[in-house]
1. Report ³J(HN,Hα) in whole Hz for each residue of segment 178-193, in order, from the Karplus equation J = 6.51 cos²θ - 1.76 cosθ + 1.60 where θ = phi - 60°; Gly and Pro get x.
2. Pop the C-beta distance of SER198 and LEU321 into the FRET formula with R0 = 51 Å and round what comes out to the nearest 0.05.
3. Using a 1.4 Å probe, what is the accessible area per residue for segment 453-523, in Å²?
4. When N counts the residues of segment 529-672, how does its alpha-carbon radius of gyration compare numerically with 2.2 N^0.38 Å, as a ratio?
5. For segment 419-575, go through all pairs of different Cα atoms, get the mean of 1/r, take its inverse, and jot down that Kirkwood value in Å.
6. For GLU281 paired with ASN779, estimate the spin-label separation in nm (one decimal), with each label point 7 Å from Cα along the Cα-to-Cβ line.
7. Given a cut-off of under 8 Å on Cα pairs at least six residues apart, what relative contact order in percent is computed for segment 404-484?
8. Leaving ligands, DNA and RNA out of it, report the carbon-plus-sulfur percent of the accessible area of segment 291-414 at a 1.4 Å probe.
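The values are calculated or read from the model by the stated rules, or taken from the named source; none is laboratory data. Here the structure is a predicted model, which is why all the values come from computation and not from measurement. Here the Cβ is made from the backbone with ideal geometry for all residues, glycine too, and neighbour counts use every protein chain on show. To get the accessible areas, we keep the full protein, side chains included, count just its heavy atoms, and leave off ligands, DNA and RNA. Shrake-Rupley method; radii C 1.70, N 1.55, O 1.52, S 1.80 Å.
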Amino acid sequence: MSMNIVNRFLFADSRSGYPRSFILLLLFGCLVLSISCTSEKPPQSSAGDFHFSELPTRWDEALPMGNGMVGALVWKDEDRLRFSLDRADLWDLREVKELKEITFDWVDQQVKRNDYEPVQQLGDAPYNQYPYPTKIQAAALEFDTEKWGPAKQAQLRVKPAITEVAWEQGPVLQTFVHAEQPVGWFRFKGVPEDFKPSLEVPEYFTEHDGPNAEAGQQQSHRLADLSYEQGSVVEEGNTITYTQPGHDMSYQVIVSWENDGNTCEGVWSITSKYSNDLQVERAEDIALQALSEGYESSKASHMKWWNQYWARSDLQVPDTLLQKQWEREMYKFGSAARPGAPPISLQAVWTADNGSLPPWKGDYHHDLNTQLSYWPGYSGNHLELTRSYTDWLWSIREESREYTRWYFESDGLNVPGVSTLTGQPMGGWIQYAMSPTTSAWLGQHFYWQWTYGQDEQFLKEQAYPYLHEVAVYLEDVTHMEDGVRTLQLSSSPEMHDNSIDAWFDELTNYDLALMKNAFGMAAELAGELGKRKERERWQMRRSELPDLATNDETGLLVAPGEPLEYSHRHFSHLISIHPLGLLDPAHGEQEEQLIEKSLEHLAQIGSDNWVGYSFSWQANLYARAGNGGKAAEALRIFASNFVSSNSFHVNGDQKGGQYSNLTYRPFTLEGNFAFAAGLQEMLLQSNTGVIEIFPAIPGDWEDVGFDQLRAQGAFLVSAEMEKGKVSDIHIRSEKGGLLQVANPFDSQAVKVMKMNSDSESFQEVESKWENSILSIQTNPNDEVKLLHPNN
C-alpha cells in the first residue's frame, strides 16, 4: 500500500462521516494485505520435490544441498540426524612422482616392443597404490534425535532448495545451504533448551585392520591411509571449531548456534587454506557474519537466487517420470556449479561419508565425466554456471602447458584425462588418463560458451586463444604418414580397458573426430576474429586428416578394421555424432543412414556392460538422429534403474540387472546431467546453425512446451505444442544476427511477427521459406513470434 493512501487514512477529515476507529481498523486491514502481497511468496510444489516417509539411512541416498563450493547430505546414521559436510576444494595434492618418468614417445616404444608391464607399473599402479592425490571430505554435524521417535516426513523442495524434516514427537527442522555464501543454516523448532549439535570429524588418523569393503568396488583406501595428524576440536559456549591439517593444506569447520528453549538455530561453514594462500577468510568470521544477518534474511536472499535460477528456463513434458528427473537434475546442477568455485568433479560437493576415499578419488575425469556434467547448462540457459568450467580450464593453462611439454614433448596445450584440482595428472589407465586428445574435447566447451552466448570479449580473450593452443599442440603431436596426418599411438575410451590392445597404431574414430573438430573450431573462431592466415592454417590441418572409419554393416567403427563387437559403457567411437555433431541427419541421406546404422548396431550388441551414463548418452544420440521414442525410452531406463532414491546416478543397475550386468553403486554425477541435456535435446537443437524446435518428440507426446531454452547464436527460444500441433514460438535475439528456424508447423503459411527495442508492439513482417527454413536478420534484443496460421 502506497504512503499517500496511508496518509489519507491517518489524516482523514472528521467531516468524512467515518468514525476514526473504523478508519484505523480499515488501515490495519490494508497494512496486513500489503504485507501479504509484498513478502516472499511461499514456493509452489514441484514435480521434482523429494518426499520421504522416513529419513534415508545411507549417505548416497541422503537429501543433497549445495552451492558449488560447499554442500551437505542430510540423512540418519543410527539414531542420530547427520549432515555430511563438504567443500569442493578440499584436496590432498601430493604428486605422483612415477608419472614424471614416462613420456608418450617411451610408451610408444614399449607398445612396439610388446612390453607393456613397465608402462602399467609407472602409469597405472600408483593410482591404486597411493591414497593420494584425492578429494577428501570435511566433517559431519550430528543431532541426537533418538527421543523424538522416527521421522514421519522428510522432504527437499527443489525450487527454494530447502530441506524439511518432521518427527513423530513434534520437533521440526528446516535447513538449507545458502545459494551464494559458504554457509549452511539449520532451524529446529520444538526442542529442549539443552539441544545442540555435535561435530563428528573424519578418522584421518585411526589405525585399521584392512580395506573398507564398501569402498573396495573402486579402491580399498580409507581416509586413515592419508596419515594426517589428528585435528583439533574446540568447543566454547555455543560454538564448535574443528581444524584439520592435511598435506600442504588445512581446513576449518565451524558450527555456531543459539537455543531459546524452543528453537535451536545455527549456521555452519568450512574454509580451506593451502601453503600459497596469503590470506583466507576464517570460518569463524563467515559464521559470525551469517548469524548477524539472521536466519530469515539469509533464507530470503537464498531463495531469491534460486527463484532467478529457475526463471532462466523451464520445460513441460507429459512423461511424469522424465519431468521429475529433469527438475531434480537441474536442481543438482544449480547446486554443483557456481562462478568462482571449482568445476564439477565426480561427486561435486557430496563427497562420500563412509570413512573411505570417494569413488575414483573424487577426481576430474576428462574422458567423459566432466564434459557430460556441463551439457545441460548450454541449452538450459545457464551460461553463468558453465563458465565456471572454462574459467577453471583457463586458470590451469600453465600446468597444462608444462604437462604437454614433459609428457608429449610438444608445444601448445593438452590436459591430463584424469587430473587433480590444480590440473596435475593422477595416472590410471594412461591410454585415457593421459590421452593425446583430451584438450580437443575440452576445447569444445570454450566453443560452446562462445557460440551459445556470442560474448565478443570471451571470444577474443579466452575462446580462440585456448583453441589456438590446442590446435598448435595437435599440429605438433601429429605427423604426416602415407599422405595423411596421424598420431603415433591412438586410443578410444575405454576400449580394451588397460591392456596393450587399448593402443591402436591407426587413428581411432574417437581421436580422429576430436582432432577434426578441434581444427574446425579453431578455424571458425580465427575467421570470426578476422585472422585469415590462421583460419587457413587450421583448415589445412583438418583437411590432412583421414575420413572416419566405417563399414556397410555396423556403421562407425572403433578404428579401421575394428567394429565394436561387445557391449561397452563408453560410446567413444560415436563421438562424431554427439556431442561433436560432425555427422548429422541434416547433412544429407548418406550421413543419416550412417547414423541410423551405427545406432542400430549399438542396440544389437546390447547393454549388458553399460552403466547409467550410457543410457543418458544414448538418449542424446537418438535425439540427434530424430528418434524421440528411442530417446525417451533410454531416459526412462536411466531414471528407473540407474539412480538412487535421492536421484544420484549410481552407475550400476539397481533393479538386479534388468538392463546391465553391472549392479554396483558408485555415485558419480555425469549420468544425471547428461540426462537433463538429453531431454532438452529432444525439444531444441541448433548444432547445425539452424534452430530445430521439437526435433525428437515421441509420437504420443501431444502437449509439450519449453520456455527460454538457449540456441547457438544467443537466441532464447520458447515454444508450445498443443494436441500434437505446434501453436506458437517466441524467440529473443540477445546479440542480433541471422536467425534460421526449421519449420515445425504443418504449413508454410506461418505468420511472422517481429518487435525491436524501438517499438512497443509486434509487427507482421514478410517471411521467406527456403527448403522449409525461415531466415530473418535480427538486431540485438529483437523479438520474433512465429504463429500457426490458424491462430
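1. Residue by residue, segment 178-193 yields 4, 5, 10, 10, x, 9, x, 10, 9, 9, 9, 10, x, 10, x, 6 Hz.
2. On the way: r = 39 Å, r/R0 = 0.77.
FRET efficiency, SER198 to LEU321: 0.85.
3. Details: 2270 Å² over 71 residues.
Using a 1.4 Å probe on heavy atoms only, each residue of segment 453-523 averages 32 Å².
4. Numbers: Rg = 17.6 Å, N = 144, 2.2 N^0.38 = 14.5 Å.
Against the empirical 2.2 N^0.38 Å value, I get 1.21 for segment 529-672.
5. Details: mean 1/r = 0.0606 Å⁻¹.
Result for segment 419-575 stands at 16.5 Å.
6. If labels sit at GLU281 and ASN779, their model points lie 4.3 nm apart.
7. On the way: 84 pairs, mean separation 26.1, N = 81.
Answer for segment 404-484 is 32 percent.
8. Taking all protein chains in place, segment 291-414 shows 47 percent carbon and sulfur surface.
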